[in-house]
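Engineer: Mind looking over this structure? Questions follow.
The values are calculated or read from the model by the stated rules, or taken from the named source; none is laboratory data. It should be emphasised that the depicted structure is a prediction, and the values quoted were computed from it without experimental measurement. Counting neighbours? That spans all protein chains shown, and the Cβs are built from the backbone with ideal geometry, glycine included.
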Amino acid sequence: MAQQSNQFVAVQVTAGGAPADDGEPITSAAFWPAIDPKMARQTMRLDGTVTAMRLRSALITAIAQINSDLQLWRTRQQSAGASALADVTAEQIDGISTVVHAYVQAVYCTATAALLERMRDYDTTWEGHTRADRATWPIDDYKRDAWYAIQQILAAGVPGDDRHRHNVIELL
């Protein structure tokens, strides 16, 4: 009979309920901006129940997915002379290109949706199920927001190209 291990993992939590250290920013290909886990946690209001390791893993997976979705677009932009996402022709808001804002939004929303989808797996108490039930409804919203952000990026850098705008479909 195999011996069962009873291990306890302690995570240092700051006053705001988040782990004390989320680690260094995550880099990928030089074209894409680095993603700061601490900023992601603050922006998406993720508390200490999401460990630094789980957050980092979700962000890395989201970055890989978004980068893959945008691979052909990135190649076209680089062929047109853009060496980084910030070089793509787009409006600036708060001193940052709107396509950079959209990329960060796509990564944050994709990672947050993935974390919320798995919330029930990690806490099976009644309180955990109740919290997971409350978190279920925004998952689709996060996925939608990520998709909108990707569409905003795909429409950037190509004047007059409206193929990637949002569609509104009414059911009869």
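Engineer: Considering only region 58-74, I want to know if a residue exists there that is in contact (Cβ under 8 Å) with a residue 24 or more places away in the chain, over 13 Å from the mean Cα position of the chain (by Cα) and under 20 Å from Tyr142 (Cβ atoms).
Structural biologist: Scanning region 58-74 turns up at least one residue that is in contact (Cβ under 8 Å) with a residue 24 or more places away in the chain, over 13 Å from the mean Cα position of the chain (by Cα) and under 20 Å from Tyr142 (Cβ atoms).
Engineer: I need every pair where a residue in region 39-53 that is more than 14 Å from Val107 (Cα to Cα) and in contact (Cβ under 8 Å) with a residue 60 or more places away in the chain has its Cβ under 8 Å from the Cβ of a residue that is assigned to a helix (DSSP H, G or I) and among the basic types (Lys, Arg), sequence separation at least 6 or different chains.
Structural biologist: Short answer, once both residue conditions are applied: Val50/Arg41.
Residue by residue, here is whether (1) surrounded by fewer than 13 Cβ atoms within 10 Å (Cβ to Cβ); (2) modelled with pLDDT of 90 or more; (3) within 20 Å of Ala86 (Cα to Cα) holds:
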position: Thr14; (1), (2), (3): yes, no, no
position: Asp22; (1), (2), (3): no, no, no
position: Pro25; (1), (2), (3): no, yes, yes
position: Ser28; (1), (2), (3): no, yes, yes
position: Ile35; (1), (2), (3): no, yes, yes
position: Asp47; (1), (2), (3): yes, no, no
position: Arg56; (1), (2), (3): no, yes, no
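Engineer: Could you say which residue among Ala82, Ala40 is of a type outside the set (S, T, N, Q), at pLDDT 95 or above, in a loop (DSSP other than H, G, I, E, B) and surrounded by 11 or more Cβ atoms within 10 Å (Cβ to Cβ)?
Structural biologist: Ala82
Engineer: Based on this model, can you work out whether Ala52 counts as farther than 22 Å from Ala149 by Cα, at pLDDT below 95 and out of contact with any strand residue (DSSP E or B) (no Cβ under 8 Å at 6 or more places or on another chain)?
Structural biologist: For Ala52, the condition - farther than 22 Å from Ala149 by Cα, at pLDDT below 95 and out of contact with any strand residue (DSSP E or B) (no Cβ under 8 Å at 6 or more places or on another chain) - is not met.
So that you can scan it fast, the table gives a plain yes or no per residue for (1) closer than 25 Å to Ala156 by Cα; (2) of a type outside the set (Ser, Thr, Tyr); (3) buried (at least 19 other Cβ atoms within 10 Å of the Cβ):
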position: Val50; (1), (2), (3): no, yes, yes
position: Gln77; (1), (2), (3): yes, yes, yes
position: Glu91; (1), (2), (3): yes, yes, no
position: Ala102; (1), (2), (3): yes, yes, yes
position: Leu115; (1), (2), (3): no, yes, yes
